[in-house]
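What follows is a set of notes on a single structure, which appears directly below.
Bear in mind these aren't lab numbers, they're just calculated from the coordinates by the rules spelled out. As the structure is a prediction and not an experimental result, all values here were calculated from the model. Cβ coordinates were reconstructed from backbone atoms using ideal geometry, including for glycine residues, and neighbour counts include every protein chain displayed.
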Amino acid sequence: MSGSKFDRRSVFGRDRVVLQIQTVLFNNDFESLERAVKALSRACELAIGAGVISKAILRLGDCSPFQSLDDAKLQRLQVAGRSAPVVVYHWFDGANLGSARGHNELASRADGDTDFLWIQNPDVIVSPRLFEQVLAPFHQPGVGQVEAKQLPVEHPKEYDPVTGETEWTTTACVMTPFALFRELDGFDADTFFLYCDDVDLAFRIRELGLRLIFQPAASCFHDKRLGESGEWQPSTAELIYSAEAALMMAQKWSYPKYLEQTLKMFEGSGESHLQRAAGIFQARRSAGTLPKPRDPNHEVARFDGHFYTKHRFPL
């Protein structure tokens, strides 16, 4: 679980870092995106003034079947970004790359002097001092990622209230050293299309002996849709791909008993999204394209029910 050049030192190479912000689009509402860019601009302005970052670029990767941004809309976003971040738009020619491959593609286009990647969902609104707060823990040796707190639905996973250390992170709003991202070859896009690519990357960071930090002082608003009971209302695509990803996680991180129990449950379910996820998994099993199991002694990954760590409260 060691061997990374990041194990015993801070990943900071300089005090004023170069930041790439990136987000993957798919038919997103333009007004929401414009609000996100305005919030990023204010956070960059304050971080530059505080001497924390020197410059920032925002790369938008568009997986939509048709271009979401025409010249006029892109200009509006560039105006919203003001001097930082510089807004750059990449349309993937109608190819829906998914979250993992889309972010890998954006990272491959990063400038050579990039120090950190800030990955966020397009419907996330960052708080003004967020970049200062999520970069601060990296001054400590052995920190591999820092995640911000989401509002209004905070993720219920456990974390150490003193150190902030947690067992996995979500790329709805997370900071990663760019050199570390490259060392790990980014997200496992061959296994994960939309969900659990972030959990898998977090586990692989921990395999190197690095720590994941949850930073509750750094907050962002994640525009989740809630039902009358206050519960999150996922879309059909989210239901399908999250179910598929759960099976892939059990396969890749060596939980065969849990995998077969879950697969059997999905196949016998009356829910169409679970049946579809099971079908996708079985097709890949037959084709021999499932990921090779790792971490057989469960030194990194653990399943608590169908979660990847204990939860502090029900969601």
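Rank-order 209-217, 288-296 by packing density, defined as the average count of other C-beta atoms within 10 Å over each peptide's residues, highest first. Present the calculation step by step, with values, prior to reporting the outcome.
Numbers: 209-217: 20.0, 288-296: 12.3.
My ranking of the peptides, most packed first, is 209-217, 288-296.
Tell me the mean residue ellipticity at 222 nm calculated for the chain from its helices only (DSSP H runs of n ≥ 4, each -39500 (n - 2.57), averaged over every residue, nearest 500). If you can, show how the numbers build up before the last one.
Numbers: 9 runs with 111 residues, N = 315.
Calculated from helices alone, the mean residue ellipticity at 222 nm is -11000 deg cm²/dmol.
On a full-extension model of 0.36 nm per residue, what is the gain between residue 140 and residue 287, subtracting their alpha-carbon distance, rounded to one decimal in nm?
Details: separation 147, 0.36 × 147 = 52.92 nm, distance 4.45 nm.
Stretched out fully, the residue 140 to residue 287 stretch lengthens by 48.5 nm.
Over the chain, calculate the relative contact order: mean separation of alpha carbon pairs under 8 Å at least 6 apart, over the residue count, as a percent. Mind showing how you got there, number by number?
Numbers: 590 pairs, mean separation 60.9, N = 315.
That works out to 19 percent.
Order the peptides 177-183, 89-95 from the highest to the lowest mean number of other Cβ atoms within 10 Å of their residues. Don't skip to the end; give the middle numbers.
Details: 177-183: 19.4, 89-95: 14.6.
So the order, starting with the most tightly packed, is 177-183, 89-95.
On a 0 to 90° scale, report how tilted helix 98-108 is relative to the longest principal axis of the chain, with both axes built from alpha carbons and the result rounded to the nearest 10.
Compared with the principal axis, the helix lies near 40 degrees.
For the pair residue 31/residue 265, report the inter-label distance in nm, with labels modelled 7 Å from Cα in the Cβ direction.
Reported label-point gap for residue 31 and residue 265 is 4.0 nm.
Run the simple label-point estimate for residue 72 and residue 38 please: 7 Å along Cα→C-beta, distance reported in nm.
Modelled inter-label distance: 1.9 nm.
For the pair residue 272 and residue 190, how long in nm is the line joining their label points, each one 7 Å along Cα→Cβ?
In this crude label model, residue 272 to residue 190 measures out at 3.3 nm.
What is the local net charge at residue 74, summed over the other residues whose Cβ is closer than 12 Å to its Cβ (Lys, Arg +1; Asp, Glu -1)?
Value of the local net charge: -2.
To the nearest 10 degrees, how steep is helix 256-268 against the longest Cα principal axis of the chain, on a 0 to 90 scale?
It is inclined by approximately 80 degrees.
Which whole-number percent is the relative contact order of the range 7-88 (Cα, under 8 Å, 6+ apart)? Can you show the working numbers first?
Values: 101 pairs, mean separation 33.6, N = 82.
Reported as a whole number, the value is 41 percent.
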